[in-house]
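Peer 1: Okay, handing you the structure first.
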């Protein structure tokens, strides 16, 4: 089984598409003002996952869902995003061995950019070793 796509709520088509493209995703389906699908950069040789945004009337954002997007060069990505006007927290080394930075998409969804390396799937406390 592979996770193919997650669809997030969206309130402003142009702002959401621009935001996710600034993160490095590639627009592959556009159906303004209701829906867009973007493809994650393929960095591990497999088929890339996709992320969609779909208009939700009255959506005001919130802390959930929380979306994690792993990047190899987290600190450089944070600087690049800040230089393009995106508000993003400083990267923080977490006790679970991930380095994370937090931001919000235009609809208020919480996004975590992170770098975990092998600890993403194989932390020292993984069940079954």
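The values are calculated or read from the model by the stated rules, or taken from the named source; none is laboratory data. On a predicted model such as this, the values are computed, not experimentally measured, just so you know. FYI the Cβ positions are ideal-geometry reconstructions off the backbone, even for glycines, and counts take in every protein chain you see.
Peer 1: So residue 72 fits all but one of (1) closer than 12 Å to residue 100 by Cα; (2) part of a loop (DSSP other than H, G, I, E, B); (3) modelled with pLDDT of 95 or more; what number is the exception?
Peer 2: (3)
Matching residues to (1) exposed (fewer than 15 other Cβ atoms within 10 Å of the Cβ); (2) touching a residue at least 40 places away in the same chain (Cβ under 8 Å):
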residue: 3; (1), (2): yes, yes
residue: 10; (1), (2): no, yes
residue: 15; (1), (2): yes, yes
residue: 20; (1), (2): no, yes
residue: 23; (1), (2): no, yes
residue: 26; (1), (2): yes, no
residue: 31; (1), (2): yes, no
residue: 38; (1), (2): no, no
residue: 47; (1), (2): yes, yes
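Peer 1: What are the residue pairs meeting all of these: first residue in the range 113-129, first residue under 26 Å from residue 25 (Cβ atoms), second residue in a helix (DSSP H, G or I), Cβ atoms under 8 Å, and 6 or more apart or on different chains?
Peer 2: Short answer, once both residue conditions are applied: 113/74; 113/77; 113/78; 114/74; 115/74.
Peer 1: Which residue, of 54, 30, is closer than 13 Å to residue 10 by Cβ, outside any loop (DSSP other than H, G, I, E, B) and over 16 Å from the mean Cα position of the chain (by Cα)?
Peer 2: Numbers: 54 fails: over 16 Å from the mean Cα position of the chain (by Cα).
Residue meeting the stated conditions: 30.
Peer 1: Mind checking which residues of the range 33-49 are within 15 Å of the chain's Cα centre (by Cα) and either under 13 Å from residue 5 (Cα atoms) or not in a loop (DSSP other than H, G, I, E, B) (or both)?
Peer 2: Scanning the range 33-49 gives 36, 37, 38, 39, 40, 48, 49.
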